[in-house]
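These notes concern the structure reproduced below.
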Amino acid sequence: MEQMGSKVQLGPSSAEECAYQEAGFAKILATLSSANTIAICAHTSPDGDALGSQLALAQIVQKLWPSAEVRVLLADERPAPHIYSFLPGFERLEMPSTYEGDPDVFVAVDLSDPRRLHEARPICERADKVVVIDHHPPVEGFGDAKVVRTGAAAVGVIIAELALHAKVDLTPDIAQSLMCAIVTDTGRFQYQNADGEAFRVASLLVDHGASPSQISLNVYESFGLAFLHLKSLVLGRITTFEKGRIAYSYATQSDFERTGANLDECDGLIDAVRSVEGSQIALFLKAVPGGKVRGNLRSKGIHDVSRVATMLGGGGHRAAAGFTFEGSVDEALVAVLPSLRKLLHEQDVCDDGQCLDEAKEGAQ
Ligand SMILES: [Mn+2]
C-alpha cells in the first residue's frame, strides 16, 4: 500500500500476508456494505488496542456508509477504563444490556475466541454475519469474513491499513485512536512485537494528527494518589524465585479497599513486575469482583506464557497473556506458580542459541 505519494510501503512485510489481508479486507467491506445495522465490539476487560481499534473502526465505517446505524459495544456490563476517556468517541461506548436489536453485522475486534465477548456474546449470536479483525491465534469457524494476523503488533495496525485499503481519510480523531491502540499493545514500542510495520503505521498516524505525547500523558502519566499507593504495595511485595527468573506480585481485595484504588487502573502493574532485572517470566494477580482473580503474564520472549494462560482457561500471545481464576489470590498463586516453574524448565534458554532463534520467530 502507498500513501500520500510517499515511498514508504505500508502493510505486512510478506507478499503472502499482503495478499491474504487484501482479500480479507475486500470480503469484510463487501459484508459491511450490505448492512443497515452494525455493532462493533472488542474483548472483555478492554485495553488500549481494543478500545482504540473499535472507536476508530466505528468512524471509518460511518464515513463509508453514513446512513448505517453503527453502535460501539463493550463486552462487559461495566464502564471502560477511565484512562482511555480521552479517546475521541469514548462516550459512544455502550454496555451490552443497552443493545436489544439483532445487528446485520457484528464486528469482533481484538479477539478471535467468542468466549472473550463475555456478556456481548448473545448479540454476536443474533447477528446475520460476523466479521473478525484480530491478531490473536485464530479460532476455527468464528467469523464469516475476517483478517486475523498474529504477526500484527496491534489490531490498530490492521485497522489503519483497512482505512487505506478503503481509501478513507485518516482524520486526527481516527489517527489518535489507532495510535493509542499501537502504543499500548507494543508497550510504547518496547515489546518484542514493535516491528517495522508498527513504526511505519505509527509514523503515518502522527502525520495525520495523532499525538503520542497526549496518549502518554493520559495513559501512562496521570495516576491518582490512590493508585500510586496501591502500586507501592504491589512493588513492595514483588517476589522472585528460580534464581530470580520468575517474578510475581499481586493486589488483593483489601489492598483495593485500603487504598481506594480502582481496579481498572492496574493495567500497567505487570510492567513493573516484568522490569525486575534478570526476570524472564512475570506474573501479576489482582482480585476482581465475584471471588475471582485476574492474572497477567509476560515473558521476555523466550518462554511462551500463552501456554500457561490457555491451560487456565485464558489466552493471549507468546510474550503477553492473561487468564481469570475462580478463587483467592493465594489459591491462584498455588495453581499458577508450579506451571510457570515447569514452563521455565521446559523452554529453558539453550546455550547453543537454538531456543533463542525459536523465540525470535515466535516473538510476535
Ligand atoms: Mn491487541
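The values are calculated or read from the model by the stated rules, or taken from the named source; none is laboratory data. Computed from a predicted model, the values in this text were never measured in an experiment. Every residue, glycine among them, receives a Cβ derived from its backbone with ideal geometry; neighbour counts consider all protein chains shown.
When the residues of segment 83-138 are filtered to those that are farther than 23 Å from GLY316 by Cα and of a type in the set (Phe, Trp, Tyr), the one that is surrounded by the most Cβ atoms within 10 Å (Cβ to Cβ) is TYR99.
Residue-level analysis places VAL206 outside the set of residues that are away from the ligand (no atom under 16 Å from the Cβ) and in contact with a Cys (Cβ under 7 Å, 6 or more places away or on another chain). When ALA166 is tested against (1) without any contact (Cβ under 8 Å) to a residue 60 or more places away in the chain; (2) more than 16 Å from the ligand (Cβ to nearest atom), exactly one condition is not met: (1). ARG149: surrounded by fewer than 24 Cβ atoms within 10 Å (Cβ to Cβ), closer than 18 Å to GLU17 by Cα and in contact with a helix residue (DSSP H, G or I) (Cβ under 7 Å, 6 or more places away or on another chain), yes or no? Here the answer is yes, as ARG149 does meet what is asked.
The listed residues are ALA56, ALA50, and the only one of them that is touching a His at 6+ places or on another chain (Cβ under 7 Å) and not in a loop (DSSP other than H, G, I, E, B) turns out to be ALA50. Which of the residues belonging to segment 133-154 are at pLDDT 95 or above and within 24 Å of ARG78 (Cβ to Cβ)? Hits for segment 133-154 are ILE133, ASP134, ALA154. Note on segment 176-191: residues that are more than 14 Å from the ligand (Cβ to nearest atom) and more than 18 Å from SER85 (Cβ to Cβ) total 3. For segment 71-82, the set of residues classified as more than 16 Å from the ligand (Cβ to nearest atom) and crowded, with 23+ Cβ neighbours inside 10 Å consists of VAL72, LEU73, listed by residue number.
The requirement of being more than 30 Å from GLN9 (Cβ to Cβ) and touching a residue at least 40 places away in the same chain (Cβ under 8 Å) is fulfilled somewhere in segment 87-94, by at least one residue. Scan segment 43-55 for residues that are within 9 Å of the ligand (Cβ to nearest atom) and within 9 Å of the chain's Cα centre (by Cα) and the total you get is 5.
Looking only at segment 225-279, how many residues end up being among the acidic types (Asp, Glu) and within 24 Å of SER339 (Cα to Cα)?
4
Results for (1) under 27 Å from HIS345 (Cα atoms); (2) modelled with pLDDT under 95, shown as yes or no for each residue.
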{"position": "PHE223", "(1), (2)": "no, yes"}
{"position": "THR239", "(1), (2)": "yes, no"}
{"position": "THR259", "(1), (2)": "no, no"}
{"position": "LEU283", "(1), (2)": "yes, no"}
{"position": "ALA287", "(1), (2)": "no, no"}
{"position": "VAL293", "(1), (2)": "yes, no"}
{"position": "GLY301", "(1), (2)": "yes, yes"}
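Comparison of GLY244, GLY187, GLY209 shows that the only residue that is outside the structural domain of ALA145 (by TED's automatic domain parsing) and in a loop (DSSP other than H, G, I, E, B) is GLY244. Take segment 324-364 and flag every residue that is touching a helix residue (DSSP H, G or I) at 6+ places or on another chain (Cβ under 8 Å) and modelled with pLDDT of 95 or more. Hits for segment 324-364 are PHE325, GLY327, VAL336, SER339, LEU340, LEU343. Residue count for segment 76-120 satisfying the condition of being touching a His at 6+ places or on another chain (Cβ under 6 Å) and not in a loop (DSSP other than H, G, I, E, B): 1. In segment 179-205, the residues that are on the phi > 0 side of the Ramachandran plot form Cβ pairs under 8 Å with partners that are more than 12 Å from the ligand (Cβ to nearest atom) and assigned to a loop (DSSP other than H, G, I, E, B), at six or more places apart or across chains, as follows: GLY187/ALA194.
Taking the criterion of being more than 13 Å from the ligand (Cβ to nearest atom) and on the phi > 0 side of the Ramachandran plot, the residues of segment 96-149 that qualify are HIS118, GLY141, GLY143.
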